[in-house]
Amino acid sequence: MKSIHVLLVEDNEGDILLTREALEEGKLVNQISIARDGKEAIDFLEKKAPFQATMLPDLILLDVNLPKKNGHEVLHFIKTAEAYKHIPVIMLTTSSSFKDINSSYLNHANCYITKPVEVEEFFRVVVQLENFWFNIVKLPS
Amino acid sequence: MKRYPVTLPVLIGSILLMVAGLFFFLRNYLNHQQVNKEIALIRAANTELRKANLEHLLELAPTADSTQQIPITELRVIQNRASNQLENDRRLTNLEKIDQTYILINRFGIAMLACSVLFLIVFNILQFKRRYKLSKLQEQDRQTMQLLRETLRDKSLVQEDLIREKDRLNFVLEGTNAATWEWNIQNGQLTYNETWATLIGYTLDEIQPIDQSTLSRFAHPEDMVEVNKKVSECLRDHSQFYEATYRMRHKNGHWVWILDRGKVVKSSEEGDPLLMFGTHVDITHLKETNEELTRFASVASHEMREPLRMISSFMRLLDKNYSEQLDKKARQYIHYAMDGAERMSAMIQELLAFAHAGGVQGGKPEWIDCNKLLQDIKELLHGQLEEQQADLQIGMLPTIQARKTPLKLVFQNLIGNALKYQSTGNRPIIEIKASDEQTHWQFSVKDNGIGIAPENREAVFQLFKRLHTKHEYSGSGMGLATCKRIIEQHGGKIWIESSENKGTILTFTILKTA
């Protein structure tokens with residue numbers, strides 16, 4: 001089976017744990033990398049230290065409120081870089097403000113999801129995300 | 001009289017004519033009488049002479065028949081008489097000729113007299129007419145003068161009033177340090193006062209020349225679109241006030257928030273706007289405070305909900321994944337923690353609604369068909385209405401101008417309350433009505449619920465004020481406070497008519513030109 005690699009850009013340890021558990025429940029993703037701020041996410045893609053040995057992810061889950069560089073800046077970086085702009089970016093955030101939503105799509109986010117408050121609902125959404133992007137959708141190789 | 005200089009000569013002329021006529025008439029009348037008398041005398045004398053001669057001849061006749069010679073003396077007598085008679089006839093002819101002349105002159109005198117009388121009569125009629133006309137004109141003049149005097153007096157009063165008003169206005173402007181502008185729409189001339197320039201850190205001299213482009217020189221270009229739109233709206237409908245907020249660049253480089261308000265104060269008879277007057281107020285501080293509040297709301301929304309979500313999520317996961325390893329007491333602890341987190345989350349949600357009520361988030365005022373709005377709410381509350389078998393009666397509602405989302409929230413809250421505050425088992429009957437109160441629309445939401453005691457009717461509108469424990473009726477204590485805030489933002493009022501056990505009537509108004 002092909003290895004599926006997801007980069008989760010998230011600063012909240014709780015959310016990292018929740019997302020990780022939800023993704024593992026879906027049983028499709030077998031590699032999860034974590035970046036805890038915007039700069040780290042860019043370094044990860046650029047293979048800067050300490051990420052020299054990493055592979056490019058198949059999918060990026062990106063939070064908006066991040067330290068150092070926020071989600072919009074990271075999104076803009078990815079979608080304007082020839083080497084990375086093919087990677088689907090899913091905005092996964094607590095924000096439901098129109099400003100964040102519109103700005104994300106204008107910057108070519110592939111979709112925007114507001115984190116459900118209920119934990120069961122959150123799990124369901126992550127599992128569906130996984131199913132959609134890795135079972136239904138054909139991704140570039 | 002001076003206006004008719006011909007009158008006096010005419011009068012004197014006609015009088016002279018009259019006197020002359022009278023003189024001729026009288027003089028010749030007397031002469032004529034005298035001559036007539038003389039003629040009568042001569043005629044009588046002649047008749048006597050003829051008679052005497054005739055009788056004399058008759059006496060002599062028999063003698064003549066007898067061829068007797070008539071004595072010469074007798075003949076001489078008769079001859080004398082005859083010559084006398086002839087002489088008399090000649091005089092008579094003369095006198096009659098003279099009398100003819102007298103009669104002619106007499107008639108001439110009568111004619112003169114008649115003429116003068118006629119003249120006087122005609123003249124007098126004319127004069128009378130002229131006088132009449134003149135008096136009428138004078139009356140008009142008098143009235144005009146009176147009017148003029150009154151007008152002048154009124155005008156001076158108005159002038160005094162104006163000066164007083166102007167002084168007062170100046171005091172107010174000085175006292176409040178208000179920045180003013182005056183725009184002559186016809187010629188485009190703009191006048192600002194010193195404070196206007198001070199607001200953005202300049203003196204009036206520094207921003208010369210002042211014309212229609214001055215404002216756009218300092219105002220933020222992004223804001224000017226809206227400003228221009230509002231100005232032209234105001235010029236189309238002068239009854240409206242013009243109000244706009246925009247940023248202006250201060251001399252020091254920072255932006256100053258300006259509240260600009262004005263009105264067309266003078267229009268032509270055709271209704272074209274001539275003069276507009278307005279003020280500038282620096283609301284930077286207010287804007288900053290408002291922005292801070294909105295930022296606070298945003299922080300409450302995102303930063304506070306985030307950790308809360310963590311609490312509830314992991315509590316739930318703990319409960320789900322480890323409940324077998326926990327005893328009953330531990331599970332109860334988890335339950336309370338989760339319940340608290342959920343209530344706090346709801347509270348934050350409502351606090352946000354309260355903070356955003358009437359703010360920019362509420363959207364701009366638009367025309368709303370309340371019938372449709374209520375139908376939407378009915379569908380939204382469908383489940384709850386069904387569950388309680390509630391009877392929601394909606395009367396004929398108007399189409400009004402308001403912010404849609406906040407207005408919807410008001411109805412939603414009030415109907416929600418009407419459903420919530422019911423005795424157990426009671427079937428809720430809710431009536432919604434509206435009436436036109438000239439300046440306002442008035443709405444009422446009536447229910448058959450538990451009612452509110454008189455002493456609490458004001459308190460229920462306070463933030464976080466709750467009359468019941470959460471076991472009796474759950475709630476955050478923010479619903480009515482939010483409603484009140486929204487209604488007040490719409491220039492209206494909200495109050496309660498209720499008696500305990502007989503239900504509640506919640507009435508609120510919305511300003512028509514909100």
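The values are calculated or read from the model by the stated rules, or taken from the named source; none is laboratory data. On a predicted model such as this, the values are computed, not experimentally measured, just so you know. Neighbour counts run over all protein chains shown; Cβ positions are idealised from the backbone, glycine included.
Quick notes on this structure:
- Residue in region A:34-51 that is within 28 Å of residue A:82 (Cα to Cα), within 12 Å of chain B (Cβ to nearest Cβ), touching a Leu at 6+ places or on another chain (Cβ under 6 Å) and surrounded by fewer than 20 Cβ atoms within 10 Å (Cβ to Cβ) present: no
- Any hit, region B:479-486, residues being out of contact with any Gly (no Cβ under 6 Å at 6 or more places or on another chain), assigned to a loop (DSSP other than H, G, I, E, B), among the charged types (D, E, K, R) and closer than 30 Å to residue B:342 by Cβ: no
- Applying the criterion of being touching a Lys or Arg at 6+ places or on another chain (Cβ under 9 Å) and among the aliphatic types (A, V, I, L, M) to the residues of region A:113-126, the residue that is farthest from residue A:29 (Cα to Cα) is A:117.
- Yes/no for residue B:472 being of a type in the set (Asp, Glu), not assigned by TED's automatic domain parsing to the domain that holds residue B:240 and not in a helix (DSSP H, G or I): yes
- The one condition in (1) in contact (Cβ under 8 Å) with a residue 60 or more places away in the chain; (2) assigned to a helix (DSSP H, G or I); (3) surrounded by fewer than 19 Cβ atoms within 10 Å (Cβ to Cβ); (4) not small (Gly, Ala, Ser) that residue B:410 fails to fulfil: (3)
- Region A:1-17, subset within 14 Å of chain B (Cβ to nearest Cβ) and under 13 Å from the mean Cα position of the chain (by Cα), residue farthest from residue A:53 (Cα to Cα): A:15
- Test set (1) within 13 Å of the chain's Cα centre (by Cα); (2) assigned to a loop (DSSP other than H, G, I, E, B); (3) within 14 Å of another protein chain (Cβ to nearest Cβ) - residue A:20 fails condition number: (2)
- Scan of region B:487-497 for residues that are touching a helix residue (DSSP H, G or I) at 6+ places or on another chain (Cβ under 8 Å) and either more than 16 Å from residue B:445 (Cα to Cα) or in a loop (DSSP other than H, G, I, E, B) (or both), ordered by number: B:489, B:490, B:493
- Given (1) more than 14 Å from every other protein chain (Cβ to nearest Cβ); (2) in a helix (DSSP H, G or I); (3) within 26 Å of residue A:95 (Cβ to Cβ), number of the condition residue B:377 does not satisfy: (3)
- Selection within region B:320-356 - under 29 Å from residue B:478 (Cβ atoms) and of a type in the set (Asp, Glu): B:339, B:342, B:350
- Residue among A:101, A:90 that alone is without any contact (Cβ under 8 Å) to a residue 24 or more places away in the chain, surrounded by 14 or more Cβ atoms within 10 Å (Cβ to Cβ) and under 18 Å from residue A:125 (Cα atoms): A:101
- In the condition set (1) over 15 Å from residue A:63 (Cβ atoms); (2) touching a residue at least 12 places away in the same chain (Cβ under 8 Å), residue A:128 is compliant with all but (2).
- Residues that are surrounded by fewer than 20 Cβ atoms within 10 Å (Cβ to Cβ), modelled with pLDDT of 75 or more and either assigned to a helix (DSSP H, G or I) or not charged (D, E, K, R) (or both), drawn from region B:353-370: B:365, B:367, B:368
- Residue selected from region B:290-326 under the condition of a type in the set (A, V, I, L, M, F, W, C) and at the interface with chain A (Cβ under 8 Å from one of its Cβ atoms), by the criterion nearest to the chain's Cα centre (by Cα): B:310
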